Amino acid sequence: MKKTVIVCPCCGAEYLPQEIYIPSAFFGKASYIEKDEVTHQIVDVCGSDLDLEEKYTCDFCNTPFTVTAKISFNVKEDIKRNFDEDYVTRISKEKFLFEED
C-alpha cells in the first residue's frame, strides 16, 4: 500500500496526514450553496472553504512546522454507468447455454 507521508523538516519523523489534519476542518463545510438554474454554476456559498494549511509541533524533536496541502481533482465521465447515452450490447450464440432435448 502506497502511503502519503508528511516529514518533519528537522528530524525526519514521518506522519500520516490523518495525524496532522482534522478532516472536517480540512474540507470545510458549506451550509448553503446557490447555483445558477441555467448554467448550474455556483453563484454563492455560505460556510467555510478548504483549509489546506496546518501548524504542527513534532512529537519527537519539538520543532514547530507548517504543512500546506496541494490537492487536485481529476474528473472524467464514467461511460459504463451513463445510461442517458445510447449503447449497443452484442449478443452471440456462444455466450448462451442451451438445454439439449
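The values are calculated or read from the model by the stated rules, or taken from the named source; none is laboratory data. Values in this document were obtained by computation on a predicted structure and should not be read as measured data. All Cβ positions, glycine included, derive from the backbone under ideal geometry; neighbour counts span all protein chains shown.
Scanning segment 15-59 for residues that are within 14 Å of residue 69 (Cβ to Cβ) and among the aromatic types (Phe, Trp, Tyr), we see that the one that is farthest from the chain's Cα centre (by Cα) is 56. Number of residues in segment 1-40 that are within 30 Å of residue 57 (Cβ to Cβ) and assigned to a strand (DSSP E or B): the value is 5. Contact map, segment 59-80: residues that are surrounded by 10 or more Cβ atoms within 10 Å (Cβ to Cβ) paired with residues that are at pLDDT below 90, Cβ distance under 8 Å, separation 6+ or inter-chain. No pairs are found.
Cβ-Cβ distances below 7 Å connect the following pairs, each with a first residue in segment 15-33 that is surrounded by 11 or more Cβ atoms within 10 Å (Cβ to Cβ), a second residue that is of a type in the set (Ser, Thr, Tyr), and a separation of six or more residues or different chains: 17/4; 20/56; 28/48. Candidates are the residues of segment 1-14 that are among the hydrophobic types (A, V, I, L, M, F, W, C) and under 17 Å from residue 71 (Cα atoms); the one that is surrounded by the fewest Cβ atoms within 10 Å (Cβ to Cβ) is 5. Yes or no: segment 41-50 includes at least one residue that is surrounded by 10 or more Cβ atoms within 10 Å (Cβ to Cβ), at pLDDT 95 or above and in a loop (DSSP other than H, G, I, E, B). So far as segment 41-50 goes, no, none of its residues is surrounded by 10 or more Cβ atoms within 10 Å (Cβ to Cβ), at pLDDT 95 or above and in a loop (DSSP other than H, G, I, E, B).
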